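Undergrad: Could you have a look at this structure, given as C-alpha cells, before my questions?
What follows is calculated from the coordinates using simple rules that are stated; it is not laboratory data. Remember, it's a predicted structure, so these values are computed and weren't measured experimentally. FYI the Cβ positions are ideal-geometry reconstructions off the backbone, even for glycines, and counts take in every protein chain you see.
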Amino acid sequence: MSDARAIPERPEVFYTVATAGFPVVEKPLSGWEKLYVNGAVRKTLLLIILAVTWEVYARWLDNSLLVPTFSATVDAFIRSVASGALPQAAVYTISMLLKGYIAGLAIAAVLTALATSTRIGADLLETLTAEDRTAMGWASRGKPSKNRRSSSRSRVCTLIRSVKSASWVAVGSSP
C-alpha cells in the first residue's frame, strides 16, 4: 500500500547561466538625477516653493494682519530672537508647562496611591470621577460658535478628560 503512494524520484537538473551575453551597465546619473535622489535637496526645494507661495499669496492678498509676508515673518523672527524676547517667552512657556505637568503628576500619584492602598481612597477617586464626568458632559455642550466649531470650553474639557483617562491606565482599572 505504501508502494503505490511513493513519490517517484526526479533526477537533479543543473542549469548554467551565461553571463557573457548580459553585461552589467552602470549609467552615470545626470546632474538633475543626482540632485533628485538627494532627500535634503528635495525637501529644501519644497520649503523654498512653500515660502515663495506664501510670499506671493500674502502680497496678492495685501493684508498683513491676516497673512503677513514670509519675509516680514522671518524678519520679525530674527529681530525677536536677537532682542531676546522670543527665547524669554519660550523659557517662560516651557517652565509653566513643566510646572503644570509636575503638579498633575504629583496629584495623580497621590490619588493613585490613595486609591490602591485604601478603600476610602478608591471611593473618593470614584466619586471625583463621577462628578468630573457629569461636569464635563455639561461643559462640553457649550454653544458652538458661528463657524460651527466647538467652543474652547469643550476642547479644554476633552483635553482634561483624555489626561484623566491616561491616569486610570496607570491604576490598571477602567475609567
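Undergrad: Report Rg(Cα)/(2.2 N^0.38 Å) for the stretch 1-92, keeping two decimals.
TA: Here the Cα radius of gyration is 2.65 times the empirical estimate.
Undergrad: Here is a further query. What size of dipole, in debye to the nearest 20, comes out for the stretch 1-83 about its Cα centre when the only charges are +1 on Lys and Arg C-beta atoms and -1 on Asp and Glu C-beta atoms? Present the calculation step by step, with values, prior to reporting the outcome.
TA: Numbers: 8 positive and 8 negative charges, 48 e Å.
For the stretch 1-83, the charge dipole is close to 240 debye.
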